[in-house]
Amino acid sequence: MRKDRKRIVRGVVTGLVLIGGWWVSQGSLEAARPDLRKIAFESNRDGNWEIYSMNADGSQQINLTKNPTDDVWPVWSADGKRVAFVSNRDGNKEIYVMNADGSHPVRLTRDPAEDEDPFWSPDGSRLAFISTRDGNFEIYVVNSDGTGLRRLTRAPAEDSRPFWSPDGSRIAFLSERDGNSEIYVMNGDGSDPRNLSRSPGNDFNPKWSPDGKRIGFVSDRDGNNEIYFMDADGSNPRNVTRHRDEDGRGAFFWSPDSRKFTVISNRDGNWQVYVISTDGTGVKQLTTGPTDADIPTWSPDGGQITFVSGRDGHNAIYIMDRDGRHQKRLTPARADNTWPFWAPK
């Protein structure tokens with residue numbers, strides 16, 4: 001399964017839609033028709049990796065980037081109006097922003113080094129990203145119009161995986177400055193970086209809970225990869241999966257209400273999707289079969305989960321209810337489709 005690249009999106013088409021003789025706004029229609037919520041994803045169906053969007057029922061699959069080079073790692077802005085992504089269309093990896101319908105792509109970074117992993121601030125004014133322009137991966141921010149470029153981290157080892165807190169005041173990130181992978185937090189301007197995990201093992205992929213109270217991460221401090229949660233100040237770390245097999249093949253995903261999370265585990269022979277309460281109870285396997293599943297992402301209302309599986313040949317995107325019922329393939333199986341991410345609204 002393709003793990004080196006990431007996600008995208010497209011926003012809502014503006015205007016009016018005719019239903020049963022009545023004209024209704026697109027916003028009202030989407031509220032009434034949850035199947036019209038947008039999912040962004042990557043696909044190589046056109047010969048290279050492009051960013052697509054589709055409705056949550058699989059309809060209206062649209063190529064947003066239409067470029068002969070690879071376009072990857074799409075991320076929605078919080079208002080759903082713009083998409084940041086990574087493209088090498090100008091010779092190396094740079095950060096771009098486009099409108100949610102794919103129009104008006106704008107290049108934000110201009111450097112011969114690699115610029116990757118864009119992540120929007122909650123207010124949509126800035127993007128954090130990583131770059132090798134100063135010799136190794138460090139974290140930078142740039143305004144959404146390309147101005148105000150600023151380096152936030154300064155360490156001889158790599159800093160990566162920036163993840164804004166829900167209120168936009170802080171950034172959690174991964175750092176190797178202490179000789180192993182640790183979870184750090186700094187203010188949004190780069191000040192006061194602090195090691196929160198402080199473990200002899202490797203801790204990685206930090207993610208704030210949607211309510212901002214906790215930070216989840218993956219750690220091998222107990223001998224294998226497990227999911228841990230700690231309070232936002234680093235206190236009270238606890239292993240919430242506690243299993244002899246691997247939980248968290250690099251990632252996990254909070255539910256929108258911060259009460260559950262999805263994770264990939266091989267505890268039943270191969271990699272499948274599980275849902276678990278944040279106190280470690282209520283473990284439920286959602287997918288089965290001889291092929292692996294991956295990237296289980298939640299719909300904004302928490303009612304559905306998308307995931308990726310090669311059960312029909314190529315990697316395809318599937319959808320299911322939050323309890324694993326009504327599994328349905330959304331993308332064609334003739335090419336690889338991956339990294340499904342829901343529009344925030």
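The table for this structure:
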read-out: Filtered residues of region 107-133 (kept if free of Cβ contacts under 8 Å to residues at least 24 places away in the same chain, under 21 Å from V185 (Cα atoms) and part of a loop (DSSP other than H, G, I, E, B)); value: S125, T132
read-out: Only listed residue being under 21 Å from Q304 (Cα atoms) and buried (at least 17 other Cβ atoms within 10 Å of the Cβ), chosen from V218, V263, V240, V185; value: V263
read-out: Yes/no for A343 being among the small types (G, A, S), in contact (Cβ under 8 Å) with a residue 60 or more places away in the chain and under 16 Å from P256 (Cβ atoms); value: yes
read-out: Residues of region 155-184 classified as out of contact with any Pro (no Cβ under 9 Å at 6 or more places or on another chain), in a loop (DSSP other than H, G, I, E, B) and more than 22 Å from P200 (Cβ to Cβ), total; value: 1
read-out: Test: residue in region 43-58 that is in a strand (DSSP E or B), under 29 Å from P256 (Cα atoms) and touching a Pro at 6+ places or on another chain (Cβ under 7 Å); value: yes
read-out: Among the residues listed as Y96, Y140, the single one being within 17 Å of W339 (Cβ to Cβ) and either at pLDDT 95 or above or among the polar types (S, T, N, Q) (or both); value: Y96
read-out: Within region 134-154, considering residues that are among the hydrophobic types (A, V, I, L, M, F, W, C) and part of a loop (DSSP other than H, G, I, E, B), the one surrounded by the most Cβ atoms within 10 Å (Cβ to Cβ); value: F137
read-out: Residue among S309, S277, S255 that is hydroxyl-bearing (S, T, Y) and touching a residue at least 24 places away in the same chain (Cβ under 8 Å); value: S255
read-out: Residues of region 237-255 satisfying the condition of being within 15 Å of D203 (Cα to Cα), out of contact with any Ser or Thr (no Cβ under 9 Å at 6 or more places or on another chain) and not hydrophobic (A, V, I, L, M, F, W, C); value: R238, G250
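The values are calculated or read from the model by the stated rules, or taken from the named source; none is laboratory data. Everything numeric here is computed off the predicted structure, so don't read it as measured data. Please note: Cβ atoms are built from the backbone with ideal geometry, for glycine as well, and neighbour counts cover all protein chains shown.
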